[in-house]
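Asker: Pasting in a structure now, in structure tokens, and then I'll have a few things to ask.
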Amino acid sequence: MGEARDDPRVFLVEPEQRGVLPLDRFHIPSRLRRTVRSEPFEIRVDTAFDAVVAACAAPGRDREESWINDPIRRLYAELNARGHAHSIECWRDEKLVGGLYGVTLGGAFFGESMFSRERDASKVALVHLVARLKRGGWRLLDAQFLTEHLSQFGAVETPQAAYLKLLKAARPLTPDPHALRLPMTGEEAVAYALQPTTQAS
């Protein structure tokens with residue numbers, strides 16, 4: 001992480017309590033289910049990765065500062081070029097209006113940041129991400145820190161020791177990377193996101 005948007009330094013953070021979105025207990029509020037099914041946005045994957053990262057780093061209503069500085073943006077761009085980082089994007093009328101990005105390692109996906117320029121755009125992107133992760137065989141969705149925004153989806157705080165066990169079980173797995181880019185309707189996204197699965201332990 002960076003201390004601030006304009007600070008060139010990068011440092012590592014290892015929280016004692018890790019935010020995790022259990023894929024086997026992912027929850028979608030009823031209003032959001034209707035929104036996803038109505039398909040208000042066109043969902044694209046990895047077509048504007050740098051723009052998603054830039055939007056996540058930009059000042060917004062809920063944040064004046066960002067941990068995403070220029071060195072971090074360059075590193076994530078390189079990970080994306082190597083196929084290790086991905087963006088889920090919401091588009092409307094050829095404009096990028098929301099999305100998220102993260103890094104994949106074995107059967108673990110590390111969600112890094114999200115943004116919205118229209119109501120529910122980042123939430124819709126998250127539902128589509130979870131649907132694709134579950135369809136492709138991922139087992140762990142790391143949300144880094146628990147927030148009120150993520151708790152509505154079932155996110156929980158996980159002690160570091162328990163988290164490391166989840167990560168150890170997920171890393172050797174080989175999910176289907178094509179699952180991230182599969183075309184998926186809103187109805188399918190909700191169905192896959194809510195589909196029962198066996199969580200690593």
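Asker: Is it the case that residue 62 is charged (D, E, K, R), open to solvent by 20 Å² or more (accessible area, probe 1.4 Å), more than 14 Å from the chain's Cα centre (by Cα) and at pLDDT below 95?
Answerer: yes
Asker: Among the residues of the range 18-33 satisfying the criterion of being open to solvent by 10 Å² or more (accessible area, probe 1.4 Å) and in a helix (DSSP H, G or I), which is farthest from residue 164 (Cα to Cα)?
Answerer: 31
Asker: Residues of the range 105-156 being within 23 Å of residue 173 (Cα to Cα) and among the charged types (D, E, K, R), which ones?
Answerer: Selection gives 112, 132, 134, 135, 139, 142.
Asker: Test each condition in (1) closer than 27 Å to residue 191 by Cα; (2) in contact (Cβ under 8 Å) with a residue 24 or more places away in the chain for residue 58 and report the one that comes out false.
Answerer: Against the list (1) closer than 27 Å to residue 191 by Cα; (2) in contact (Cβ under 8 Å) with a residue 24 or more places away in the chain, residue 58 comes up short only on (1).
Asker: Report, ordered by the first and then the second residue, all pairs with beta carbons closer than 8 Å, sequence separation of six or more or different chains, a first member in the range 66-87 that is within 17 Å of residue 111 (Cβ to Cβ), and a second member that is acidic (Asp, Glu) and in a loop (DSSP other than H, G, I, E, B).
Answerer: Sorted first by the residue in the range 66-87, then by its partner, the pairs are 67/3; 80/46; 86/46; 87/46.
Asker: Another question about this same structure. Working only within the range 37-59, note down all residues that are open to solvent by less than 40 Å² (accessible area, probe 1.4 Å), over 15 Å from residue 97 (Cβ atoms) and not in a strand (DSSP E or B).
Answerer: 46, 49, 53, 57
The values are calculated or read from the model by the stated rules, or taken from the named source; none is laboratory data. What you see is a predicted model; the values in this text were computed from it and never measured. Quick reminder, even Gly has a Cβ in these numbers, built from the backbone with ideal geometry, and neighbours come from all protein chains shown. Surface accessibility is based on the protein's heavy atoms, side chains included, excluding ligands, DNA and RNA. Shrake-Rupley method; radii C 1.70, N 1.55, O 1.52, S 1.80 Å.
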